[in-house]
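The values are calculated or read from the model by the stated rules, or taken from the named source; none is laboratory data. Everything numeric in this text was worked out from a predicted model, so none of it was measured. Cβ sites come from the backbone with ideal geometry, for glycine too, and all protein chains shown count toward neighbours. Only protein heavy atoms, including side chains, enter the accessible area calculation; ligands, DNA and RNA are left aside. Shrake-Rupley method; radii C 1.70, N 1.55, O 1.52, S 1.80 Å.
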Amino acid sequence: APNVHVVKTYGMSVDISNKCAYLLIEKIDGKDLHKSFHGEKHERTPIDQLDKELMAAQTILAVSHMHQHRWLYGDIKLENTIWNARTKTITLIDLGLAKQLPEGDYVNRKSGSKSYLAPEIVEKKKYRFEVDVWALGVLVYEIFSGHEFSEDMAFEARKWQGRGERMHMLKLSDSRED
């Protein structure tokens, strides 16, 4: 079932002689979040707190929708998240690592971007949807902090994961009066 926050695909063509596959997808207006936050100065966009909250919520809803339909996204990152500032909407793109998981199935491939890799992937364990939840946490951190989640930070976070201890890396937003 389609979701407004996940890119729609309309067809696919395979060119066996050149070992290429082509996808026909919807046209998406906007800019990827990496450019919005960390691009060249002329590419960056001022983003207020409400927009950050919309970005995070819509991304979580999109991934939740995929999981409800048993799809593992597999490559959550700022570069794969398009923000349309005019309509205030997020669209997830690049479903190249997405995989449908039948009930009881696991994945054990190493895929995704380094800073977003869940401990299960790094430790070469079988995994399911929890790796998307880890990557969502990294993405939400980046949205609210405005800082990239470096490989060093990812390494430190993975060391703490699973110990039952809380780790507070950064105050994500200023308190505000309602």
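Heavy atoms only, probe 1.4 Å: what % of the accessible area of segment 1-117 goes to carbon and sulfur, would you let me know? Please list the in-between numbers first.
On the way: 3810 of 7020 Å².
Carbon and sulfur together cover 54 percent of it.
May I ask you to list the lysines whose Cα is less than 18 Å away from that of residue 124, ignoring any residue fewer than eight positions away on the same chain? Excluding near neighbours in sequence, the set is 99, 110, 114, 159. Coupling constants for segment 5-12 follow from the phi torsions by the Karplus curve (6.51 cos²θ - 1.76 cosθ + 1.60, θ = phi - 60°), and in residue order they are 9, 10, 3, 8, 10, 10, x, 9 Hz; glycine and proline get x. Taken over the Cα atoms of segment 1-43, the convex hull encloses 123 Å³ per residue.
Does segment 1-78 classify as rounded, prolate or oblate by the C-alpha gyration tensor (a ≥ b ≥ c root eigenvalues; a/c under 1.5 gives rounded; else a/b over b/c gives prolate, otherwise oblate)? Here segment 1-78 falls in the oblate category.
At 222 nm, what helix-only mean residue ellipticity would the chain give, in deg cm²/dmol to the nearest 500, using -39500 (n - 2.57) for each DSSP H run of four or more? If you can, show how the numbers build up before the last one.
Details: 5 runs with 56 residues, N = 178.
Only helices count here, giving -9500 deg cm²/dmol.
Look at the dipole of segment 1-81 built from charges on Cβ: of 12, 66, 56, the Cα furthest out on the positive end belongs to 12.
Before I look further, what does segment 66-144 give for accessible area per residue, probe 1.4 Å, in whole square angstrom?
On a per-residue basis, segment 66-144 sits at 48 Å².
How large is the dipole of the chain about the Cα centre if only Lys and Arg carry +1 and Asp and Glu carry -1, each at its Cβ, rounded to the nearest 20 debye? Mind showing how you got there, number by number?
Details: 26 positive and 27 negative charges, 95 e Å.
Its charge dipole is roughly 460 debye.
In the context of the full protein assembly, residue 53 retains an accessible surface of approximately 60 Å², using a probe radius of 1.4 Å and ignoring ligands and nucleic acids.
If a/c stays under 1.5 just call it rounded; otherwise compare a/b with b/c (prolate if a/b is bigger, oblate if not). Do that for segment 105-153, with a ≥ b ≥ c from the square roots of the Cα gyration tensor eigenvalues. Provide the component values of the computation, followed by the final result.
Details: a/c = 3.30, a/b = 1.93, b/c = 1.71.
Cα axes put segment 105-153 in the prolate bin.
Diffusion coefficient of segment 18-170 by Stokes-Einstein, Kirkwood radius over Cα pairs, 20 °C, 1.002 mPa s: 130 µm²/s. Evaluating 6.51 cos²θ - 1.76 cosθ + 1.60 at θ = phi - 60° for every residue in segment 26-36, the Karplus couplings come out as 5, 7, 10, 8, x, 9, 5, 5, 5, 5, 4 Hz, glycine and proline recorded as x.
Between the listed residues 146, 122, 104, the Cα displaced farthest toward the positive end of the dipole of segment 100-147, a dipole computed from Cβ unit charges relative to the Cα centre, is found at 122.
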